[in-house]
1. For the pairs A:228/A:261; A:364/A:469; A:63/A:113; A:63/A:265, flag any whose C-alpha to C-alpha distance is greater than 24 Å.
2. Over chain A, what is the percentage of antiparallel beta bridges among all DSSP beta bridges, to the nearest 5?
3. Can you give the Rg to Rh ratio of chain A, both from alpha-carbon atoms, with Rh computed by the Kirkwood formula?
4. What is the range A:4-270 by shape, rounded, prolate or oblate, if you read a ≥ b ≥ c off the alpha carbon gyration tensor as root eigenvalues and call it rounded for a/c under 1.5, prolate for a/b larger than b/c, and oblate otherwise?
5. List the longest stretch of chain A that has no exposed loop site; here a site is one of the GluC sites (Glu not before Pro) assigned by DSSP to anything other than H, G, I, E or B, with at most 11 other Cβ within 10 Å.
6. Report, in degrees rounded to the nearest 10, the 0 to 90 angle that the Cα long axis of helix A:429-447 makes with the longest principal axis of chain A.
7. Residue A:313 to residue A:456: extension gain in nm, 0.36 nm per residue of separation minus the Cα-Cα distance?
8. Give the residue from A:454, A:163, A:258 lying farthest towards the positive end of the charge dipole for chain A; charges sit on Cβ (+1 for Lys and Arg, -1 for Asp and Glu) and the dipole is referred to the Cα centre.
Amino acid sequence: MQMTLYNTFDRTLEEFETLEEQVVSMYACGPTVYNYAHIGNLRTYLFEDFLRRVLEYSGFRVKHVMNITDVGHLTGDNDEGEDKMVKSSRESGKSVWEIAGFYTDAFFRDTKKLNIIPPTVACKATDHIQDMIKLIQRLEEKGHTYTAGGNVYFSIDTFPDYGKMAGLRLEELQSGARIEVDTNKRNPKDFALWFTRSKFENQAMVWDSPWGKGYPGWHIECSAMSMKYLGEQFDIHCGGTDHINVHHTNEIAQSEAATGKPWVKYWLHGEFLIDDSGKMSKSKGEFLTLSLLEEKGYDPLDYRYFCLGAHYRSQLQFSFDALDSARNARLNLLERVSDFLMQSEDRSGLQDQDIRKYISEKGKSLLARFQEYIGRDLNMPRGLSVLWKVIKDQDLQSDEKLLLIKEMDRVFGLSLLERASEERKGLEPETDAEVEILLRERSEARSVRDYSRADEIRDILQVMGIEIKDTASGTTWRKKV
RNA sequence: GGCGCCGUACCCAAGUGGUAAGGGGGAGGUCUGCAAAACCUUUAUGCACCGGUUCGAAUCCGGUCGGCGCCUCCA
């Protein structure tokens, strides 16, 4: 399958070619675990999941590494502001380690609910302090660092290509326009590799290092861990768009300065989820979590469907109206699939990997179109439109539709067939019997034209959350979602 | 102040030179005792606005207005 991806590094669409044949090495910037993830954070992990699934769909084996930032970090490189982990710890009365563990678990619970495939390796920053120290030493040996005010800094003037990806023109940047410049820095864009001094009294997480007791700067963990698990050069590095200017720029500088070779081949960045007030933010207090959506009655997969509706490089406008429409669409999809399952006689092909044996020319051409879209920089919205084409097609048989739907759902990850057959199972057995009795009474009432009694029963069932359908072959029912 | 992105119907949203994907919602219809569901039809001569390039522009260029992001931990 042809694949092109938009590479932030040169801002162009590029043919995707891996360093090693049939294997993709991919690093995704993970969560900072001092609080719950909000749904904007989760959009980025969904984007990465789409990426991974499309790669696997096209036959690659994906080595997918994600970091867990469980080291507390200051709000800036300039040693000002409060450490988020420490703040969270102070507010909750738990230790920083407990906090990190708690929110790491919460994160993976959320991603699991969203059908996000877990990374091959999920690595915690605190387990890799020694790797970071070694990398800093390597930079030190090559003369890329200096120590000032107790902290070790990376000197960007020793790395001529600094800021190339972000397109930063250093002369024109107004450093300090919004924050105070750290006077220890020789160049305002220099960044800390290791802190030994913190203005906070009870820095809970400190480690010994050649530069004294302290903790690592924010950027170093991604360089150290990605190189440890994927090698000094690898295929894809992805994350949120906010990382381009600072985090990824600094990662490139320190990584390439250390190894002396090009580091990452393709940089992919997911755009933000936006609401009425602009970007999602945790600092505003109340923020939207997946659990909150669940409390409001949404299925996590409604949110997944919602995110599939927009391209990953476009900002996506969130509202509950928009989420409702995603939910309706997904439920309609399940309903259709459920009907196909009912009509389908022969499902032998469903187990087969190579579905081409079973599908018609028309099916093949729809599938080809689907592959073309998702291979063209992950155009999931277009992919979805092909799914709907299959669903609504007049010529294809139910069996074939199911094959195609199953195939496409490997990429969408909506569990369409599984959910559709679950939906058909209905309620618990005891309620089941009750419903059947009521339905029988209703059809008796209808047969003697006692419609007021019939409608009364329909209302009772309605209240019980049962939706009925009168069809030519009798009345069917299902639990309302 | 610098850099970047965006403005498509009631809503979400594709499309980046060849005459507007898809979903939701609305409307009409078929079916029905009535509903619901399902199915069918329909819903932007139009892509913020003004100029320009072109045989042809939502798509390219210039300008105007509006929105958003990054430059500070951030997905």
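Where a number appears in this text, it was derived from the coordinates with a stated rule and is not lab data. Only a predicted model underlies this, so the values are computations on that prediction, with no experimental measurement involved. Quick reminder, even Gly has a Cβ in these numbers, built from the backbone with ideal geometry, and neighbours come from all protein chains shown.
1. Working: A:228/A:261 16 Å; A:364/A:469 35 Å; A:63/A:113 22 Å; A:63/A:265 15 Å.
Checking Cα-Cα distances, A:364/A:469 exceed 24 Å.
2. Values: 23 of 46 bridges.
For chain A, the DSSP antiparallel bridge percentage is about 50.
3. Numbers: Rg = 26.9 Å, Rh = 25.4 Å.
Using only Cα positions, Rg/Rh for chain A is 1.06.
4. Since a/c reaches 1.5 but b/c is at least a/b, the shape of the range A:4-270 is classed as oblate.
5. Values: sites that count: A:17, A:21, A:180, A:201, A:286, A:345.
Segment A:22-179 is the longest.
6. Roughly 40 degrees between the two axes.
7. On the way: separation 143, 0.36 × 143 = 51.48 nm, distance 5.15 nm.
Length gained between residue A:313 and residue A:456: 46.3 nm.
8. The residue sitting farthest along the positive end of the dipole is A:163.
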